[in-house]
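Coordinate-derived values only; no laboratory data. Everything quoted here is computed from the prediction, not taken from an experiment. All Cβ positions, even for glycine, are placed from backbone atoms using ideal geometry, and neighbour counts span all protein chains on display.
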Amino acid sequence: MPVILNLDTSTQVCSVALSSGTSLLGKRASHDEKSHSRLLAVFIRELLEENDLKTGELDAIAVSSGPGSYTGLRIGVSTAKGLAYGSGRPLIGIGTLDLLVSGGIQHKEIIKILVRDDSSLLCPMIDARRMEVYTALYTASGSRIENVSAKIIDENSFIEKLDSAPIVFFGNGADKCREMITHPNAYFVEKIEASAEFMIPLSNNSWQQKKFEDVAYFEPFYLKDFIATIPKNKIFPDKQN
């Protein structure tokens, strides 16, 4: 069974999971904001040492490819590409919404909803700016049926789909949409966040199919251009006497 190092830095959570096939060998995670550059390498080293492994003994490196945090994705993908290039191991890219769904279909609250109605759709959401989210629709089995997009949420969002089937909303972008999406077929499940652990079945499947990325040219899927912001104290500097 392939031993794969899974990295996810696409949201505010920085996480690493080491797997053998579909089994978890160990994991690390931090919810501290902006901890990715400080902790990612530490987590990788700790997991490899605990399992008496070197990067060259891995079968592949997997990384969340986006969409998500611009800075987080840059850190994760740059680290994964460096490890893959230095060790000669193949690189696997996993969509962030795909890994969210992988975790969501294992969650007990979502399982209850799907048992009641297997026509239900899954809608993972990653927080973007204001009332915008990165999202897509998936079947109850985890197959994507809609392209990943950035949506500005209002009271009419998903209305046609909700009229015909229940939709389960989850992820770190779902909470802010609860007051806008009030259709009786809308379900919101809390506390499901992107995690490297959720990548395991997906990265194992990619390895089995030999679905690898070109290390030299692989880039994160940002979906939107990066917009730099300027701190207020730089826009309106304090007057000096």
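Structure above, values below:
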| quantity | calculated |
| --- | --- |
| GluC sites (Glu not before Pro) lying in DSSP loop within the stretch 68-165, provided at most 16 other Cβ fall within 10 Å | Glu146, Glu155 |
| Amide hydrogen neighbours beyond the local backbone of Leu121, cut-off 5 Å, H modeled | Ile167, Val168 |
| Net charge dipole size for the chain [Lys, Arg +1 and Asp, Glu -1 on Cβ; Debye, nearest 20] | 500 debye |
| Top of Met199, Met125, Met180 by mean-square fluctuation, Gaussian network on the chain, Cα under 10 Å | Met180 |
| Simple label model, 7 Å out from Cα along Cβ direction - Ile152 to Thr71, nm | 2.6 nm |
| Local electrostatic count at Ala41 - Lys and Arg +1, Asp and Glu -1, tallied over other residues with Cβ under 13 Å | +1 |
| Alpha-carbon gyration tensor eigenvalues x 5, square-rooted, for the stretch 74-200, Å | 29, 17, 12 |
| Residue among Asp175, Asp59, Asp117 with the largest mean-square fluctuation in a Gaussian network model of the chain, springs linking Cα atoms under 10 Å | Asp117 |
| Potential extension, Glu49-Arg129 segment - 0.36 nm per residue separation minus Cα distance | 24.9 nm |
| Residue with peak Gaussian network fluctuation, the chain [Cα springs, cutoff 10 Å], from Ile113, Ile200, Ile167 | Ile113 |
| Gain on full stretching of the segment that runs from Ala216 to Ser141 - 0.36 nm per residue minus C-alpha separation | 23.7 nm |
| Pairwise FRET efficiency - Ala165 versus Ser37, Cβ, R0 = 45 Å, nearest 0.05 | 0.60 |
| Exposed chymotrypsin sites (Phe, Trp or Tyr not before Pro) absent: longest stretch of the chain, with sites in DSSP loops and at most 12 other Cβ within 10 Å deemed exposed | 1-216 |
| Other-chain or far-sequence residues with amide H under 5 Å of Ala62's (modelled H) | Leu5, Asn6, Leu7, Ile92 |
